[in-house]
Amino acid sequence: MIATLAFRHLWVRKVRSGFLLLGFALGVGVMVVLLSVGEAMLDQSRDVSLVGGGEVTVLPQGIDVEAMRTGGLSGMFFTIDRARFLTRQILGGQRAAATVRTVAPALEGKLVYLCAVRSRCEPVAVRAGGEIPSRANAVGAGLRVVAGRWADSPRDQAYVAPTAQQLYDELDAFHLPTRPDSTWGEWQYYNLVTAPDEWWYITYLVGGALSRTPKPEDRWGGRLLITHRRPDGLHERFTADYPATRVRLDTTRADLTLGESTVHQRDGIYHLLASASGPGGRLSLDLTLRPRANRYFPPVELRDDAFLSGYVVPALAASATGRICIARRCSEVRDAPAYHDHNWGVWRAVTWEWGAGAGRDLSLLYGGVYAPDRSTSPFFLTLVDSLGVRRVLRFRRIDYAGAQPADGAPGVRAPERFTLVATWERDTVMLGVRVAHALATDMSAGTFRRTFLQMRGDYTLRGRVAGTPVQDEGKGFFETYLTR
């Protein structure tokens, strides 16, 4: 009876019945889809190759997410550049403390084939990965350990929260070229201002055909180069050269020995000893340099088959204290503003643009390298405050204007001023520099005809960063090359 009534109703009220059936069908369909999605999500949450945990996942730029999840060939070699710096300062630093509770870096499990026996290679498939146990647990992605202990090792602690000793050794460690090259060079550079019209450039340099297993007979060595800008405006240079047998460098430490001249870093404090000769007599210095907290810039490398340029700034802002003596006449240095960076690479016909300065609130750093074919790396400008790097922006050119005599090379003219405009998304910053002093050095070799300019000047900084107006001024050092 009920079936007959239902059939007759459907026959008499066709449109109404059609809508009723459509509504039921849509409801059932939606439930089927939701149940399917839920089942798929449950399956994926159990997938051992899924990057999981936390509320936000940061992946390498340009990667196929599915390839990352499944460990496909296109996802095997992707990494996040300067991941330690992001973990410690950008994502996990004091600036983001109000919004980011924990950062958990992870090397996602990858499919790797290993040979069990060298003489008879029988590939064995294994999956490899890495996590910081305490951080993984904090974001809900910890492993369920059925036996043994899963806890942070000393290396895990050094990755996420290094001591001052570990941090500066990591930043300032030395490198070895992949093959001997006479144009290889690596140096630690320091400058300090001891008076408004007096400053020092100090370079501890290693260079030449250095191999990965250095031998005394290799064609390489070290040089100490110190340039003093005197209060009377004159420049004097002091140098000392050392054979390979008197050079000691460390690929895990910031320490360097060039004969009796040394750099020692202990607990984030640098102790510099140097001895060199010049026209004014024998120079010796004994300085202690203390970097300001968070005022560093992480290592970056540019490379291709024949070109490598590496750069790091362990101390964008620092203070120096100690004594400098020339011909037994000594002067005391107390809390002098200082700077320290570290360069390495192949420097055959390479030039650059560079500048660093300290203002009331911000430190600034800009740079870019011209490769031998005169192509450029992307120029960058970074602003750093007491919490670390605030913003990194890009710019295309520097506009130099005016001309004034430069010290050190007769007839060479240095710019009187220059400007650059750097942008990143909606942020724009303009830097204007008025050059007060310039030192020219002839760097010509063969067909490479260049003059190196080291400048000192005042700058102003204007713009907007993250929607906030930026305005600062200060003094800095700047470098460029003139083509002849």
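The values are calculated or read from the model by the stated rules, or taken from the named source; none is laboratory data. Only a predicted model underlies this, so the values are computations on that prediction, with no experimental measurement involved. FYI the Cβ positions are ideal-geometry reconstructions off the backbone, even for glycines, and counts take in every protein chain you see. These area figures cover heavy atoms from the full protein model, side chains too; ligands, DNA and RNA do not enter into them. Shrake-Rupley method; radii C 1.70, N 1.55, O 1.52, S 1.80 Å.
Laid out as a table, the results:
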{"read-out": "Flag for Asp218 being of a type in the set (Asp, Glu), open to solvent by 70 Å² or more (accessible area, probe 1.4 Å) and on the phi < 0 side of the Ramachandran plot", "value": "no"}
{"read-out": "Residues within the range 330-358 that are part of a strand (DSSP E or B) and either under 19 Å from the mean Cα position of the chain (by Cα) or hydrophobic (A, V, I, L, M, F, W, C) (or both), tallied", "value": "19"}
{"read-out": "Failed item in (1) touching a residue at least 60 places away in the same chain (Cβ under 8 Å); (2) not in a strand (DSSP E or B), with Thr382 passing the rest", "value": "(2)"}
{"read-out": "Boolean, Thr423 is among the β-branched types (Val, Ile, Thr), closer than 24 Å to Ala438 by Cα, part of a strand (DSSP E or B) and in contact with a strand residue (DSSP E or B) (Cβ under 8 Å, 6 or more places away or on another chain)", "value": "no"}
{"read-out": "Test result for Ala466, loosely packed, with under 14 Cβ neighbours inside 10 Å and modelled with pLDDT of 95 or more", "value": "no"}
{"read-out": "Test result for Val139, open to solvent by 70 Å² or more (accessible area, probe 1.4 Å) and more than 23 Å from Val389 (Cα to Cα)", "value": "no"}
{"read-out": "Total residues in the range 140-161, condition within 27 Å of the chain's Cα centre (by Cα) and in contact (Cβ under 8 Å) with a residue 60 or more places away in the chain", "value": "3"}
{"read-out": "Members of the range 195-211 found to be under 19 Å from Ala320 (Cβ atoms) and open to solvent by 20 Å² or more (accessible area, probe 1.4 Å), listed by number", "value": "Ala195, Pro196, Asp197, Glu198, Thr203"}
{"read-out": "Search result, residues across the range 428-445 that are under 24 Å from the mean Cα position of the chain (by Cα) and either open to solvent by 10 Å² or more (accessible area, probe 1.4 Å) or free of Cβ contacts under 8 Å to residues at least 12 places away in the same chain (or both)", "value": "Thr428, Met430"}
{"read-out": "Tally, over the range 308-336, of residues that are of a type in the set (D, E, K, R) and either surrounded by 12 or more Cβ atoms within 10 Å (Cβ to Cβ) or at pLDDT 95 or above (or both)", "value": "4"}
{"read-out": "Output for the range 402-420, where each listed residue is in a strand (DSSP E or B) and either in contact with a Cys (Cβ under 7 Å, 6 or more places away or on another chain) or not small (Gly, Ala, Ser) (or both)", "value": "Gln404, Pro405, Asp407, Arg413, Arg417, Phe418, Thr419, Leu420"}
{"read-out": "Cβ-Cβ under 8 Å pairs, at least 6 apart or on other chains, the range 393-417 side of a type in the set (Lys, Arg), far side open to solvent by less than 20 Å² (accessible area, probe 1.4 Å) and assigned to a loop (DSSP other than H, G, I, E, B)", "value": "Arg413/Ala406"}
{"read-out": "Long-range neighbours under 6 Å by Cβ, at least six apart or interchain, first residue on the phi < 0 side of the Ramachandran plot and touching a residue at least 24 places away in the same chain (Cβ under 8 Å) within the range 455-484, second surrounded by 19 or more Cβ atoms within 10 Å (Cβ to Cβ) and not in a strand (DSSP E or B)", "value": "Asp472/Leu362"}
{"read-out": "Residue check, Leu192 assigned to a strand (DSSP E or B), touching a Pro at 6+ places or on another chain (Cβ under 9 Å) and open to solvent by less than 10 Å² (accessible area, probe 1.4 Å)", "value": "yes"}
{"read-out": "Selection within the range 359-403 - within 21 Å of the chain's Cα centre (by Cα), open to solvent by 20 Å² or more (accessible area, probe 1.4 Å) and among the hydrophobic types (A, V, I, L, M, F, W, C)", "value": "Val369, Phe380, Leu387, Val392"}
{"read-out": "Scan of the range 431-484 for residues that are closer than 19 Å to Tyr370 by Cβ, in contact with a strand residue (DSSP E or B) (Cβ under 9 Å, 6 or more places away or on another chain) and outside any strand (DSSP E or B), ordered by number", "value": "Met443, Ser444, Arg449, Arg484"}
{"read-out": "Some residue of the range 252-269 being more than 23 Å from Pro162 (Cα to Cα) and open to solvent by less than 10 Å² (accessible area, probe 1.4 Å)", "value": "yes"}
{"read-out": "Whichever residue in the range 159-183 is of a type in the set (Ser, Thr, Tyr) and over 13 Å from Asp267 (Cβ atoms) and, among such residues, is most open to solvent (accessible area, probe 1.4 Å)", "value": "Thr178"}
